Amino acid sequence: MNSRKVKKVLITGGAGFIGSAVVRQFINETDVTVVNVDALTYAGNLESLKTVSGHSRYFFERANICDKAAMERIFREYKPDAVMHLAAESHVDRSIDGPAEFIETNIVGTYTLLEVARQHWQRRRQTPGKVNDTPFVFHHISTDEVFGSLGEEGLFTESSQYQPNSPYSASKASSDHLVRAWHHTYGLPVVITNCSNNYGPYQFPEKLIPLVILNAKEGKSIPVYGKGDNVRDWLYVDDHANALRRVLESGQIGETYNIGGHNEKTNLDVVQGICEILDGLLPDSEYRPHANLITYVDDRPGHDQRYAIDASKIDKELGWKPDETFDSGLKKTVQWYLESREWCSHVQDGSYAGERLGLKAGSTK
């Protein structure tokens, strides 16, 4: 297994859920310098980086990846050895309500970043007398949703056909194809990862797990789409961050790696599991049993039935497996949200207050 010694990494979307987990790991567990580039849209939150924000190896640049001039300045100033591209509009329901932002950020933004990264890579190669002991790499982080929906059996592999079904997944599929094309056409050194559903601390509460936790704690209804039988493969965010670092350091250039948690659960199973944990952690809650708060609502338009990842390639080639089971990760997550009232209140007082999104194409409930 080859290894690249990355000294300085530029992370786009480093104030987001997964990005902030990657930033915290790099600062706390390595000697790598991190340049966090984030536009701080609704889901970007610098409070998620309070524990590392004053570190000498951490730098923050507020900039949009669609702004080519800003990206060129940042690359010239910091001269990163690697890019981890996580910046994206990422919520399916929001993509139904307003797809334009997803096209702009996920497709145009990725194109802009690829072009600036390509120029940077070429400068590194052409600088007279400069010896680069760290080969440059562009790591593009994507989702399993680009593969569409599975039946009752089977798993997504790295060779699965792309069949995106939402504006969000279509925009991410497009970005994957751009990265692949920049590698095959221009030779840009890239690796791509496609992950299953992430969960854990610091996740923006429009997503299922934090929304359920916060609604249940406050005695609000817990919305479950359709019959709650849609299946997802759940991946604890710190496990994902570890996998991303492993791919950055050791992944083969031009290859794609699927990252999954080996935790297939229906949405209803997830919701009921959260309610059971809350019943145990909040014995004096007036809302026990919290499962009584579950309310079934009209399904999301075009809701994929099942996702499941075959993560055997990253296991066999790079030696990565998730550390958390779903039960252990879910309990850690519920406990974190119960103990992080300040972080939650600041998010809830801001741009999102738990409202239903993604209704424009379907029902009005």
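Out of region 38-127, which trypsin sites (Lys or Arg not before Pro) are coil in DSSP terms and have no more than 13 other C-beta atoms within 10 Å? All intermediate terms of the calculation are to be shown ahead of the outcome.
Numbers: sites: Lys50, Arg57, Arg62, Lys68, Arg73, Arg76, Arg94, Arg118, Arg123, Arg124, Arg125; in loops: Lys50, Arg57.
Listed in order of number, the matching sites are Lys50.
How about region 184-256: which trypsin sites (Lys or Arg not before Pro) there are in a DSSP loop, with at most 16 other Cβ atoms within 10 Å of their Cβ?
Passing both the DSSP loop test and the Cβ count: Lys220, Lys227.
Considering only Ile96, Ile65, Ile259, give the residue with the highest GNM mean-square fluctuation for the chain, with springs between Cα atoms whenever their separation is below 10 Å.
Its mean-square fluctuation being the largest, the pick is Ile96.
Pop the C-beta distance of Lys332 and Gln126 into the FRET formula with R0 = 41 Å and round what comes out to the nearest 0.05.
0.30
Tell me, what does the Kirkwood hydrodynamic radius of region 67-193 come to in angstroms if you use every pair of distinct C-alpha atoms?
Details: mean 1/r = 0.0633 Å⁻¹.
About 15.8 Å, per the Kirkwood formula over Cα pairs.
Counting other beta carbons within 10 Å of each Cβ, put Val224, Val212 in order, fewest first.
Least crowded to most crowded, the residues run Val224, Val212.
Report the Cα centroid-to-centroid distance between region 56-119 and region 211-237 in angstrom, as an integer.
Distance between centres, Cα-based: 30 Å.
Checking the table Lys227/Lys265; Lys265/Lys331; Lys50/Lys321 against a 19 Å threshold on Cα-Cα, which pairs fail? It would help to have the intermediate numbers written out before the result.
Numbers: Lys227/Lys265 14 Å; Lys265/Lys331 15 Å; Lys50/Lys321 28 Å.
Over 19 Å Cα-Cα: Lys50/Lys321.
For region 128-200, what is one quarter of the convex hull surface built on the Cα atoms, given in nm²?
Its Cα hull, projected and averaged over all orientations, spans 7.6 nm².
Let me spell out the model: positive unit charges on the Cβ of Lys and Arg, negative unit charges on the Cβ of Asp and Glu, origin at the Cα centre of region 182-295. What dipole size does that give, in debye rounded to 20?
That gives a dipole near 200 debye.
On alpha-carbon atoms, Rg over Rh for the chain using Kirkwood Rh?
0.96
Tell me, Tyr257, Tyr58 in order of fewest to most beta-carbon neighbours within 10 Å?
By the 10 Å Cβ count, ascending, the order reads Tyr58, Tyr257.
Fewest Cβ neighbours within 10 Å first, please rank Glu29, Glu152 accordingly.
Placing the least packed residue first, the sequence is Glu152, Glu29.
Just to verify a number: FRET efficiency for Ala69 and His346, C-beta to C-beta distance, R0 = 35 Å, to 0.05? Show your work: numbers first, answer last.
Values: r = 32 Å, r/R0 = 0.90.
Efficiency at R0 = 35 Å is approximately 0.65.
Based only on the alpha carbon positions, what is the Kirkwood hydrodynamic radius of region 1-147, in angstrom?
15.9 Å
For Glu104 and Asp323, compute 0.36 nm times the residue count separating them, minus their Cα-Cα distance, and round to one decimal in nm.
Separation in residues times 0.36 nm, less the Cα-Cα distance, equals 75.3 nm.
Take every DSSP beta bridge with both residues inside the chain and express the antiparallel ones as a percent of the total, to the nearest 5.
Counting DSSP beta bridges with both partners in the chain, the antiparallel share is about 10 percent.
For the chain, what is the mean residue ellipticity at 222 nm derived from helices alone (per DSSP H run of n ≥ 4: -39500 (n - 2.57); sum divided by total residues; nearest 500 deg cm²/dmol)? Show your work: numbers first, answer last.
Values: 12 runs with 139 residues, N = 365.
It comes out at -11500 deg cm²/dmol, rounded to the nearest 500.
If you bin every alpha carbon distance in region 158-308 into 5 Å steps from zero, what whole percent lands in each bin?
2, 8, 14, 17, 18, 14, 10, 7, 5, 3, 1, 0, 0
From the Cα gyration tensor of region 22-94, with a ≥ b ≥ c the square roots of its eigenvalues, which class applies: rounded if a/c is under 1.5, or else prolate if a/b is larger than b/c, or else oblate?
Values: a/c = 1.85, a/b = 1.15, b/c = 1.61.
It is oblate, given that a/c is not under 1.5 and a/b is not larger than b/c.
What residue among Val334, Val35, Val297 has the largest mean-square fluctuation in a Gaussian network model of the chain, using Cα springs under 10 Å?
Among Val334, Val35, Val297, the largest GNM mean-square fluctuation belongs to Val297.
No value in this document is a laboratory result; all are computed from the given coordinates. Quantities reported herein were computed from a predicted structural model and do not represent experimental measurements. Glycine also receives a Cβ, built like all others from the backbone with ideal geometry; neighbour counts cover every protein chain displayed.
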